[in-house]
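Rule-based calculations on the coordinates, nothing more; no lab input. The model shown is predicted, which means the values in this text are computed figures rather than measured ones. Neighbour counts run over all protein chains shown; Cβ positions are idealised from the backbone, glycine included.
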Amino acid sequence: MQIIKYIFLLVIFLSSSKIGKMLAQRYYYRVQELEELKNALNLFKTKIKFTYETIPEIFEEISKNITKNISNIFKSTVKGLKDFSVSQAWEQAIESEKKNTNLNEEDIRVIKLLSKQLGITDIEGQISQIEITEHFLDTQIKQAQQEKEKNQKLYQKLGTTMGLVIVILLI
């Protein structure tokens, strides 16, 4: 009977430690996704500046070259282009995919800014809107890195500490 109790306490400790690590990883993944999005926008800007590919073709290519969470935004936009304008498809893709990312509401707001000029203005207008969005993303990346440095270790230690507290209380 005693061994079952110790196994149960070990499971509680390991579970709470794992929960702390999972919460801490969200900060890491947010930074990664923001940087990936910035790279994708840079590729988009380069493609519309120097090639004659259409936006759906560019988005399709971008979705193949980046990580899953961010690539889904571009894939959803391409699917939405069958029924909506580029700006509407972009906004709907962001709304439908935001639950699958680690981005916060401020990040989503910044990304949605891109839709204002997408597919509506000439190439120079779209490039300037992409550059504005990239500038905002730089700010978000810096903020995300600061939050990561501040909170990642905190959540890891908090999970472990809470596990220890629960185990001590149950002993």
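Summary of computed values
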item	result
In Hz, Karplus ³J(HN,Hα) per residue of the stretch 84-95 (6.51, -1.76, 1.60; θ = phi - 60°; x = Gly, Pro)	10, 6, 4, 5, 5, 5, 4, 5, 5, 5, 5, 4
Dipole of the chain [Lys/Arg +1, Asp/Glu -1 at C-beta], most positive-end residue of Ile73, Ser128, Gln2	Gln2
Relative exposure of Glu105, Glu33, Glu60, judged by other C-beta atoms within 10 Å (fewest first)	Glu105, Glu60, Glu33
Percent RCO, i.e. relative contact order, over the stretch 69-128, from Cα pairs under 8 Å lying at least 6 residues apart	33 percent
The chain - percent relative contact order, Cα under 8 Å, separation 6 or more	39 percent
Added length on full extension, which subtracts the Cα-Cα distance from 0.36 nm per residue, Met1 to Leu169	58.6 nm
Proxy reagent accessibility, fewest Cβ within 10 Å first, across Tyr29, Tyr52, Tyr6	Tyr52, Tyr6, Tyr29
Modelled FRET efficiency - R0 41 Å, Met22 with Lys49, Cβ distances, 0.05 increments	0.55
Chain lengthening between Glu60 and Asn104 when straightened (0.36 nm per residue, less Cα-Cα)	13.4 nm
Rounded to 10°, Cα long-axis angle of helix 123-170 versus longest principal axis of the chain	10 degrees
